[in-house]
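So that we are looking at the same thing, I have put the structure below in C-alpha cells.
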Amino acid sequence: MDQSIIANYEAAKALYAQHGIDVDAVLEKLSEIKISMHCWQGDDVRGFLNKDQALTGGISVTGNYPGAASTPAELRSDLEKAFSLIPGKHKVNLHAIYVDTDEKVELDAIEPKHFEKWVTWAKEQGLGLDFNPTCFSHEKSADGLTLSHPDPAIRQFWIDHCKASRKISAYFGEQLGQTCVTNVWIPDGFKDSPVDRLAPRQRLKDALDEVFAEELNPAFHLDAVESKLFGLGSEAYVVGSHEFYMGYGIANNKLICLDAGHFHPTEVISNKLSALSLFADGILLHVSRPMRWDSDHVVTLDDELIDIGRELVRGDLLGKTHIGLDFFDASINRVAAWVIGTRNTIKALLRGFLDPVEELRKAELDFDFTTRLALQEEFKSYPFGAVWDYYCAKQGVPVREAWLADVKAYEQDVLLKRGTETAAAKN
C-alpha cells in the first residue's frame with residue numbers, strides 16, 4: 001500500500017480518536033455491510049425473457065451509450081468488472097425477466113432451474129442474490145393493472161408469477177447461505193381519477209394474501225412490498241400507495257420498501273427510517289436520486305444520501321435494514337454508473353460511522369444546541385477522504401478516481417466491440 005495513504009490514514013485516525021471514534025473498528029463494521037446492486041442498470045431494464053417487449057409500467061430509460069449487455073453472460077461480465085472496483089462483498093438484485101435459459105417459459109411458470117447459472121456464478125464470486133417479480137413490460141400488464149386487475153384470469157397470472165418468484169428467492173437463499181429479499185412492486189394505477197378507489201385496493205390485498213400464503217424459511221427468504229406516489233400512466237391514482245403498503249407490511253410482518261424516488265419531491269426517506277423502524281419488522285431501501293421525482297439518476301454523495309447513512313448508523317438500524325440500489329442511466333457508461341452509485345452508498349455509511357454521535361447526542365440531551373451545531377459543521381471538513389482511501393486500498397480496489405481508467409479500458413476492450421462482433425459473425 002502507498003505509504004502516503006497509510007500516513008494520511010494514521011493522521012485521520014488520531015483526529016477521530018480525540019472524539020472517541022475507533023476508525024479501525026469502523027472499517028471492520030463497514031466491510032460486513034452488503035449493498036444489493038441492481039442488475040437492470042447494465043441493460044436498461046430489458047432483461048432476457050421478452051427482450052423485444054417495450055418497457056412499460058411507468059419506467060423510462062434515456063440515452064444510447066454503447067455497450068449495453070444483451071446476454072446473461074455479458075451482464076455477468078459487466079457486474080464482475082464493477083464489483084472489482086467496489087470495496088467489500090455484496091449482492092446482486094435480479095428481476096424475474098433476467099432468466100438464463102434456452103427454454104421458452106412464461107413468467108407464471110419460472111422455476112429455480114431457470115436461474116441456475118446465476119446461482120453458480122454467485123457462488124463463484126462470493127455474492128448474494130436478491131429477487132423481484134417483474135410485473136411490467138408484458139402483454140398481461142398492458143392495461144396498467146396486474147395484481148389488482150378486475151379480470152380474475154389476469155390477476156391469477158400475476159399471483160402465480162409472484163408465488164413462483166418467492167420459491168426462486170428461497171432457493172437462492174438456501175443455495176448461497178444468504179437471505180434473499182424478494183420485493184413486490186406493481187405499476188397498477190390510473191392516468192385519470194377513478195370512480196372506485198377502494199375495489200382495486202381490496203383486490204390487491206386479497207391477491208397479496210394469496211401470494212404470501214405459503215410460509216417460507218425467513219433464514220433464506222424475506223418478502224418486501226414497495227409503494228409509489230405516481231407513475232407515467234398512473235398520475236391520478238396508484239393502487240399500492242404508501243399508506244396501503246405500510247399498513248399491509250406492518251399487519252403481515254413484511255419488509256416495507258422505501259424508494260428514494262417514490263414520494264413527493266419535498267419528502268425524503270431518511271426522515272422516515274426512525275419512525276418506521278418502531279413498527280415494521282424490517283426495512284428495504286431502494287436508494288436512487290430523484291432529480292425530478294422518480295427520475296432514477298445515478299446516486300451521488302448528496303445531502304440525502306449522507307442523511308440516509310447517518311440515520312442507519314445513529315439509530316442502529318443496519319441490522320433490520322436491507323440496502324439496495326435502483327437507478328438506470330443509459331447516457332453514460334453503465335459499469336461506471338454502478339461503480340459511482342455503489343461506492344457513494346458505502347461512503348455515506350462511512351460518513352455516518354465517523355460522526356461523533358455520542359457527543360452530539362449528549363449535547364442534544366443537555367439542550368446544548370450550540371455544541372451540536374458546531375460539531376456537526378466542523379466534522380464536515382474532517383479527513384473522511386483519507387479513511388475512505390485507506391479502506392479502498394485495504395480492500396484491494398482502486399483508490400479515488402483510479403477506477404475510471406479500468407472502466408475506460410473495459411469499454412475499449414469489451415463494451416465497444418459488442419454488436420460489431422455479432423454483425424461480423426453474421427457476415
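All of the numbers you see were taken from the coordinates with simple rules; none came from a lab. Since the structure is predicted, the reported quantities are computational estimates derived from the model, not experimental observations. Every residue, glycine among them, receives a Cβ derived from its backbone with ideal geometry; neighbour counts consider all protein chains shown.
Take 114, 38 and order them by how many other Cβ atoms sit within 10 Å, fewest up front.
If I rank by nearby Cβ atoms, fewest first, I get 114, 38.
May I ask which of 91/417; 123/254; 51/104; 13/394 have a Cα-Cα span longer than 20 Å here?
Values: 91/417 28 Å; 123/254 27 Å; 51/104 13 Å; 13/394 15 Å.
91/417; 123/254, as the Cα separations exceed 20 Å there.
Something else: Could you tell me which residue out of 276, 263, 85 lies farthest along the dipole of the chain toward its positive end? Charges go on the beta carbon: Lys and Arg +1, Asp and Glu -1, centred on the Cα centre.
Positive-most Cα among the choices belongs to 85.
Please arrange 121, 403 by how many other C-beta atoms lie within 10 Å of their C-beta, fewest to most.
121, 403
Shifting gears a bit: Expressed as a rounded percentage, what relative contact order does the stretch 346-427 have, with Cα pairs under 8 Å and six or more residues apart?
19
How high is the relative contact order of the chain, in percent, with contacts defined as C-alpha pairs under 8 Å that are six or more residues apart? Display every interim value, and only then the final one.
On the way: 747 pairs, mean separation 83.1, N = 427.
Computed over the chain, the figure is 19 percent.
Quick check: residue separation of residue 210 and residue 196 times 0.36 nm, minus the Cα distance between them. What number comes out in nm?
Working: separation 14, 0.36 × 14 = 5.04 nm, distance 2.26 nm.
So the chain would gain 2.8 nm between residue 210 and residue 196.
Starting from the Cα-Cα distance between residue 293 and residue 395, subtract it from 0.36 nm times their residue separation and give me the gain in nm to one decimal.
Working: separation 102, 0.36 × 102 = 36.72 nm, distance 3.51 nm.
In short, 33.2 nm is gained.
Binned at 20 Å from 0, what are the whole-percent values of the Cα-Cα distance distribution for the chain, short to long?
Each 20 Å bin holds this share of Cα pairs: 25, 56, 18, 1.
To continue, here is another question. What angle do you read, to the nearest 10 degrees and between 0 and 90, between the alpha-carbon axis of helix 152-176 and the longest principal axis of the chain?
On a 0 to 90 degree scale, this one is about 40.
Towards the positive end of the charge dipole of the chain, with charges on Cβ (+1 Lys, Arg; -1 Asp, Glu), say which of 333, 168, 8 has the farthest Cα.
The residue sitting farthest along the positive end of the dipole is 333.
Is any residue of the stretch 147-183 close enough, with backbone N under 17 Å, to a label point placed 7 angstrom from the Cα of residue 251 along the Cα-Cβ axis, and if so, which?
148
Something else: Can you tell me the relative contact order of the stretch 293-401? Whole percent, Cα pairs under 8 Å, sequence separation 6 or more.
Computed value for the stretch 293-401: 29 percent relative contact order.
Please determine, in degrees from 0 to 90 and to the nearest 10, the orientation of helix 3-17 with respect to the longest principal axis defined by the Cα atoms of the chain, where the helix direction is its Cα long axis.
For 3-17 against the chain, the angle is about 80 degrees.
Longer than 32 Å from Cα to Cα, which of 228/408; 191/408; 29/272 are they? Say none if no pair is.
Pairs exceeding the cut-off: 228/408; 191/408.
In nm, what is the difference between 0.36 nm times the number of residues separating residue 267 and residue 408 and their Cα-Cα distance?
47.1 nm
Looking at 290, 154, 419, which one has the Cα that reaches farthest to the positive end of the dipole of the chain (charges on Cβ: Lys, Arg +1; Asp, Glu -1)?
The Cα lying farthest towards the positive end belongs to 419.
Place a +1 charge on the Cβ of each Lys and Arg in the stretch 33-353 and a -1 charge on the Cβ of each Asp and Glu, then give the dipole magnitude about the Cα centre in debye, rounded to the nearest 20.
In debye, rounded to 20, the stretch 33-353 gives about 800.
Add -39500 (n - 2.57) for each DSSP H run of 4 or more in the chain, then divide by its residues: what number comes out at 222 nm, to the nearest 500 deg cm²/dmol? List each step's numbers first, then the result.
Values: 15 runs with 180 residues, N = 427.
About -13000 deg cm²/dmol.
So what's the angle, to the nearest 10 degrees on a 0 to 90 scale, between helix 242-251 and the longest Cα principal axis of the chain?
In the chain, helix 242-251 runs at an angle near 90 degrees to the longest axis.
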